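Remarks on the structure that follows.
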Amino acid sequence: MTLDDILASLFPNGSDVETVGPMIAGKALLPDGRLIHVLGITQGQPLGVEEAIALAERVIEIIATRDRTPILLLVDSASQRMSKRDELLGLSEYLSHLAKALLVAEAEGHRTIGLLYGGSAAGAFIATALTTGTLVALPGAHPAVMDLPSMARVTKLPIDVLKAKAEATPVFAPGLDNMVRTGGVHVVWDDAVPLAPQLAAVLQRPQGQDDRGRLGAERGGRQKAAELAERVARAAASPQDARRA
């Protein structure tokens, strides 16, 4: 589906969304008449300092309205822009700032929904799609926290070893199916039917419900994440009991 097709299927009542370079921003009407903010990065472009700060600024502006309207973040990007200029400007801090803005929006009552309809990788994927409260995807999306050649350079492990691990453990493997198995992607939408009801179903989920660890365990992609998170939460709630244990 093209971006225009996606917007038309999501918002049959119309939308006012502009594309400027790799950035998209605007508003749309949900079928029930409510407003939703739409923003994101598209055209498979990398996420650099300019894009990260512009997205963060828009999210902060939305938070300042205190209207608790939902935010839909559309994602079709490359990785973060790996240029010397962006690195010297502190790209990691810009990406962190964007991620924090999205987390604050969710905490302030704005449902944040990521829709991955193309590619995304590495820091750009983490700071946008993975930071939203609920991440969904369309068939054909191709996320990767890190591709195997890059992972081989970082870990110094042979690519054949990593390929074998990727086949056995979804955490090591790029691709949409593996991201679904780990619980990172809540659901893959059906692009053969209208998207508006599927968005409505996501918006009806309880606010602040983060069940990625549980989904990862149920789907066999992350066996221990939910259990460990629960143990950490218990320890944080009762530090004295944790120390005795």
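A short reminder: the numbers here are calculations on the coordinates, not readings from a lab. None of these values were measured; they are calculated from a predicted model. Note that we place each Cβ from the backbone using ideal geometry, even for glycine, and neighbour counts take in every protein chain shown.
Packing here is the average count of other Cβ atoms within 10 Å per residue, and on that basis the peptides 185-193, 5-13, highest first, run 5-13, 185-193. Of all DSSP-defined beta bridges confined to segment 3-119, some 50% are antiparallel rather than parallel. Rounded to 0.05, the FRET efficiency of the ASN13 and SER96 pair, given R0 = 45 Å and the Cβ-Cβ distance, is 0.80. Dipole check for the chain: with +1 at the C-beta of Lys and Arg, -1 at the C-beta of Asp and Glu, and the Cα centre as origin, the magnitude is about 1060 Debye.
The protection proxy used here, the mean number of other Cβ atoms lying within 10 Å of each residue, ranks peptides 101-108, 164-171 as follows, highest first: 101-108, 164-171. The local environment of GLY183, defined by Cβ-Cβ distances under 10 Å, has a net charge of +2 under the rule Lys, Arg +1 and Asp, Glu -1. Calculate the length of the line joining the C-alpha centroid of segment 111-135 to that of segment 35-77, in whole Å. Value for the Cα centre distance between the two parts: 11 Å.
Taking GLY33, GLY109, GLY220 as the candidate residues, the one with maximal mean-square fluctuation in a Gaussian network model of the chain, Cα springs under 10 Å, is GLY33.
For the chain, the tally of Lys pairs with Cα-Cα distances below 25 Å comes to 6, considering only residues 8 or more apart or on different chains. So, in Å, what gap is there between the alpha-carbon centers of segment 1-26 and segment 173-240? One Cα centre to the other: 26 Å.
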